[in-house]
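Each remark here refers to the structure printed beneath this line.
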Amino acid sequence: MLVKMFIANLKMTVRNRQSLFWSFMFPIMFTFIFGFFFGKNASIGNVALINQSKTPLAQTIEQALNDNNLFTIQKEDNLDDTKDKIKKNKLMAAIVIPENFGDLEHEAPKIITVLYDPGNSQANAAITGFLNQFLTATNYKVQNAQPIFSVSEQKITDKNLTYFDFILAGILGLSLMNSSIIGVGVGIAQYRQDKILKRIVTTPLPSWIFIIAEVLSRLVINFFQIVLILVIGTYVFDAHIYGSLWAIFGLALLGAILFQLLGFVIASISKTTDAAQGMATAITIPMMFLAGVFFPLDSLPKWLASIVQYLPLAPLLRMLRTVTLEGNSILENPINIIIVGAWIIAALIFAIFKFRLNEE
C-alpha cells in the first residue's frame, strides 16, 4: 500500500508542471544571482577611470586598477558625462587622475579624486581603500622609508573560501525549505479543496501512510534540487566543497524531511490554499533572513541570535557549512543534530495526530 501510494503521489507531483517548474527554477535563479555577484570573477560594479596623466606612476595605477578583482574598470574621457552616469546608476563610481599626477619634479597635483553617489558609500569605501593601500606603498618607496607599524595577516586554514561558498549552503537550505513547506502545505490544502483527500478516505488508508508516501515522493524532487544547486555552484561559479558529498546529501534530505513535515503541520491547520499560502510565507520569510542564509548569526544582536539559532533552518545550515566549508563531521557540534531531530519529532507527532484525510 505504501509503495502504491508513493508512486501515485510522485505522479501527481510530476504532473503538476507549474509547481514542478518553480521547484527547480527557484534554486537555479538564486544560485545564478548570487553566483554572478559573489562567484568567480565577480566584481562589485563598474568604475570609470579618467586618467589625464601620462606619468609612469599614473600608468602603474591604471594597470593595478585593471588587474584588481574588486571592480571592473571602464575608461572615460568626459568628466560631466561620467558624473551623469553615476547619478543614473550606470556607473558605481569614478576615479579621476589629474594631469601631471606623479610628476615629482614639478608642482604637480598630488591627489586622486573619487566621485561617487552618497547612496553607494560601500563602493566608495572599497575604491578608496584600494587606492590608499596602493599610494601608501608608493609613498614609502618614493621616500625610501619603511613603515613603523603594520598589519600581519595570518589564515587559520589553508582552505580557499569565498563568500559564495558560504552563500551556497544557505541557498541549498533555503530552496529545500521553500519548496517543501510551501509545496506540501499549499499542495495538501489544494488536495482538500479539490476533494482528492475525500476520495482517498474511502480507502482503508491510514493517515501516517499517506504522510510517509507524500514525503518520500517529494524527496525525489528534493534530491534533484540538491544535485542542480551543487552542480551549478561548483562547475559554473567554482564553489569550494571540502566535505563528503554523502554527508551533504544526507543532511540536505534530512532538512527536506523536516520542512515537509512542517508543511503537513500547516496543512493540518489550514482549510484553504490561501490560508496555507499565508501561513507558509509567515514561516519561511523570517527564517530566510534570520536563520543565517545570507550572513552569520553572529552579526545579529545577541538577544536575537540566541533565539533564532533554534529555528529549524539555523542548525541545518550550521551543519551544512561545517561539512562543506570545513570538511568536518556532522557531529562536530551535536546540539545541531539534536535541534533538527527535535523539530522532526515534534512536527511528525503533530501531523500524525492532527492531520486527517476526511477533514473538509
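Values quoted throughout were computed directly from the atomic coordinates according to the rules given, and no laboratory measurement underlies them. Small disclaimer: the values here were computed from a predicted structure and weren't measured. Note: ideal-geometry Cβ built from the backbone for every residue, glycine included; neighbour counts use all protein chains shown.
The alpha carbon centroids of the range 56-81 and the range 286-357 are separated by 45 Å.
Taking amide H atoms as placed 1.01 Å from N in the peptide plane, the amide H of GLN74 lies under 5 Å from those of VAL47, ALA48, LEU49, each 5 or more residues away in sequence or on another chain. Considering only Cα atoms, the convex hull volume of the range 231-360 works out to 134 Å³ per residue.
Which value results for Rg/Rh of the range 293-360 when Rg is the Cα radius of gyration and Rh the Kirkwood radius based on the inverse mean 1/r?
Values: Rg = 15.5 Å, Rh = 13.8 Å.
So for the range 293-360, dividing Rg by the Kirkwood Rh gives 1.12.
For the residue pairs LYS83/LYS141; LYS11/LYS195; LYS195/LYS354, the alpha carbons lie more than 22 Å apart in LYS83/LYS141. Stretching the chain fully between GLN74 and MET25 yields a gain of 14.3 nm (0.36 nm per residue, less the alpha carbon separation). Largest GNM mean-square fluctuation among ALA137, ALA314, ALA93, using the chain with Cα springs under 10 Å: ALA137.
Here r is the Cβ-Cβ distance between TRP208 and LEU161 and R0 is 35 Å; the resulting FRET efficiency, rounded to 0.05, is 0.25. Phi-derived couplings, Karplus 6.51 cos²θ - 1.76 cosθ + 1.60 at θ = phi - 60°, listed residue by residue for the range 293-308: 5, 9, 8, x, 5, 4, 7, 7, x, 4, 5, 6, 4, 5, 8, 6 Hz, with x used for Gly and Pro. Taking every alpha-carbon pair under 8 Å whose residues sit at least 6 apart, the chain reaches a relative contact order of 20 percent. Screening the chain for whole DSSP H helices of 24 Å or more along their axis (Cα) with average Kyte-Doolittle hydropathy at least 0.0 returns 17-38, 121-142, 163-193, 207-231, 245-269, 273-290, 334-354.
Extent of the range 46-142 along its three principal axes (Cα atoms, max minus min coordinate, largest first): 39, 24, 21 Å. Per residue, the chain reaches -21000 deg cm²/dmol at 222 nm when only DSSP H runs of four or more residues are counted, each adding -39500 (n - 2.57).
Quick check on the chain: of the DSSP beta bridges with both residues there, what percent are antiparallel, nearest 5%? Don't skip to the end; give the middle numbers.
Details: 4 of 13 bridges.
The antiparallel proportion sits near 30 percent.
GNM remark for the chain: springs join alpha carbons under 10 Å apart, and the peak mean-square fluctuation among GLY233, GLY243, GLY102 falls on GLY102.
I need the Debye-formula profile for the chain: one equal scatterer per C-alpha, no solvent, reported as log10 I(q)/I(0) at q = 0.13 1/Å, two decimals. So the normalised log intensities are -1.03. Dipole size of the range 46-142 about its Cα centre, with +1 on Lys/Arg Cβ and -1 on Asp/Glu Cβ: approximately 320 debye, rounded to the nearest 20. Close amide H pairs (under 5 Å, H built 1.01 Å from N) link ILE97 with ILE50, ASN51, GLN52, residues at least 5 positions away or on another chain.
Cut-off 10 angstrom, C-alpha nodes, Gaussian network model of the chain. Which of THR82, THR273, THR322 fluctuates the most? For the chain, modelled as a Gaussian network with Cα springs under 10 Å, the answer is THR82.
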